[in-house]
């Protein structure tokens, strides 16, 4: 079962990662990434640039309107994601709980829709 | 490179025999497995061009042995560079005599037990079985499971590492562990089958080929253990389920429920074979869950029309299955059979007992909605289908459930419109 783990950032995570003790947090992430790679659970991962660089695009009546900043106006923003393929939802939650952002902001665990299905 | 189907088939047949012979001779499962994969690649390139060698088994053994030797030599050289280690004895890996025929099937069996060892995770068991016993390449397995090749390669190497560190020997498990381990093997084959069976058309075609692979492996296992009722039962279940494949999806990938499938599209040959296998198993082996599931599939498959289905018999079979397996999904299916025999209310009452055990599972909502629909409570059925549609993580299932909900929307009642007309129109719509 594949899940995308959405990594949320807020001002506190910035402080934590770039302030004192940041190296330790990075170390935690590296260790977890290594574990997921070796177990064959990691499908992919990317970090996203600061929302400063985000453009939101809307098309209304065929006319595109482009604004600076993320779509959702919130203190929190999407900082990156992991895609994992693991045995149970519990395991996906466990991975999310170990990602440092879970302590400072939040992680969102979302199942990926499958192209396959069984007849009802 | 053009894929040569005949060569591919031959190579896959050969893999467990070649690997088995190598491991028996040299030990070191992980290294032998790599060497066999390399030999396979060489064969896949050479054979279609230069023809299949007279003794393909011997050819593969020789090439794989040579790889093992090369590897051992470079390992020795590396160690000597690092520290002046004394030269070990000559690595002798020449190919032996032709295989002993009786050994072939035993090797396959031993390999299956090894790949499905409980020390490995389910994902690793599946990946390693497909590679070491099925002869598939890592890239092919990765494509079938829709993950990057690197991810699949990791699962395989982790599995091989676990075998090495747990010291799992290359031999049949001791008698007292055999039954449990055989159950694990059957479960892995069942997982492979299901992964392929649930795949629909289009981009999932490679994934769908897993059913064929699972059936092939189950057949080989059945040849090794013809007396085992559950092995026979699993093979029968696969054949009887796969027989319906041409009818279970529309060309656009939309799911067709069993009752609405065009039974002319079902594969009669597979149905006959599956039904014979399960009848044979049930008549002489101790009863087991795969045999019962196969028997249920056979009852469905042998009904000429959906309305001819022998529901009382299906209900009985689910009753027995429920007693031996204690799986809430079995109870869920029994509720459907119960509804067909004694009316939807009885089925709905049985579903009540599942709240708690299956709460939040889309299948419980979907079955409840279906029974409510049969009972005539369209408002509740519609909201049940909608809940199920939100809960499923499968695109075609969501599409099907949304369509069910939409078809139960308040119909426009013109002067002559009756409920019957509405249902007829719905059936027509589904066909298009």
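Would you point out which residue out of B:136, B:210, B:120, B:130 is within 14 Å of chain A (Cβ to nearest Cβ), part of a loop (DSSP other than H, G, I, E, B) and surrounded by 17 or more Cβ atoms within 10 Å (Cβ to Cβ)?
Just one listed residue meets the conditions, B:120.
Take the range B:146-168 and flag every residue that is farther than 16 Å from residue A:41 by Cα and in a loop (DSSP other than H, G, I, E, B).
B:166, B:167, B:168 - these are the residues of the range B:146-168 that are farther than 16 Å from residue A:41 by Cα and in a loop (DSSP other than H, G, I, E, B).
For the range B:359-371, does any single residue satisfy the condition of being free of Cβ contacts under 8 Å to residues at least 12 places away in the same chain, more than 12 Å from chain A (Cβ to nearest Cβ) and either under 27 Å from residue A:116 (Cβ atoms) or not in a helix (DSSP H, G or I) (or both)?
yes
For the structure I just gave you, tell me whether residue B:320 is outside the structural domain of residue B:235 (by TED's automatic domain parsing), closer than 17 Å to residue B:229 by Cβ and more than 23 Å from the chain's Cα centre (by Cα).
Against the criterion (outside the structural domain of residue B:235 (by TED's automatic domain parsing), closer than 17 Å to residue B:229 by Cβ and more than 23 Å from the chain's Cα centre (by Cα)), residue B:320 qualifies.
Restricting to the range B:346-362, count the residues that are more than 30 Å from the chain's Cα centre (by Cα), surrounded by 13 or more Cβ atoms within 10 Å (Cβ to Cβ) and farther than 19 Å from residue A:120 by Cβ.
2
Based on what the data block shows, is residue B:297 within 14 Å of chain A (Cβ to nearest Cβ) and either in a strand (DSSP E or B) or surrounded by 15 or more Cβ atoms within 10 Å (Cβ to Cβ) (or both)?
yes
Tell me which helices (runs of 4 or more DSSP H) are completely within the range A:22-120 and hold 3 or more residues being free of Cβ contacts under 8 Å to residues at least 12 places away in the same chain and within 10 Å of chain B (Cβ to nearest Cβ), or say none if there are none.
Because the criterion is at least 3 residues that are free of Cβ contacts under 8 Å to residues at least 12 places away in the same chain and within 10 Å of chain B (Cβ to nearest Cβ), the helices (runs of 4 or more DSSP H) in the range A:22-120 that meet it are A:22-39.
In the range B:323-345, what residues are under 29 Å from the mean Cα position of the chain (by Cα) and assigned to a loop (DSSP other than H, G, I, E, B)?
B:326, B:327, listed by residue number.
Would the range B:184-199 turn up any residue that is assigned to a helix (DSSP H, G or I) and more than 15 Å from the chain's Cα centre (by Cα)?
No: zero hits.
Answer with yes or no whether residue A:7 is surrounded by 11 or more Cβ atoms within 10 Å (Cβ to Cβ), outside any helix (DSSP H, G or I) and away from chain B (no Cβ under 14 Å).
yes
Say whether the condition of being away from every other protein chain (no Cβ under 14 Å), under 18 Å from the mean Cα position of the chain (by Cα), in contact (Cβ under 8 Å) with a residue 24 or more places away in the chain and assigned to a helix (DSSP H, G or I) is met by at least one residue in the range B:253-271.
Checked the range B:253-271: at least one residue is away from every other protein chain (no Cβ under 14 Å), under 18 Å from the mean Cα position of the chain (by Cα), in contact (Cβ under 8 Å) with a residue 24 or more places away in the chain and assigned to a helix (DSSP H, G or I).
The values are calculated or read from the model by the stated rules, or taken from the named source; none is laboratory data. None of these values were measured; they are calculated from a predicted model. Backbone-built Cβ (ideal geometry, glycine too); neighbour counts: all protein chains shown.
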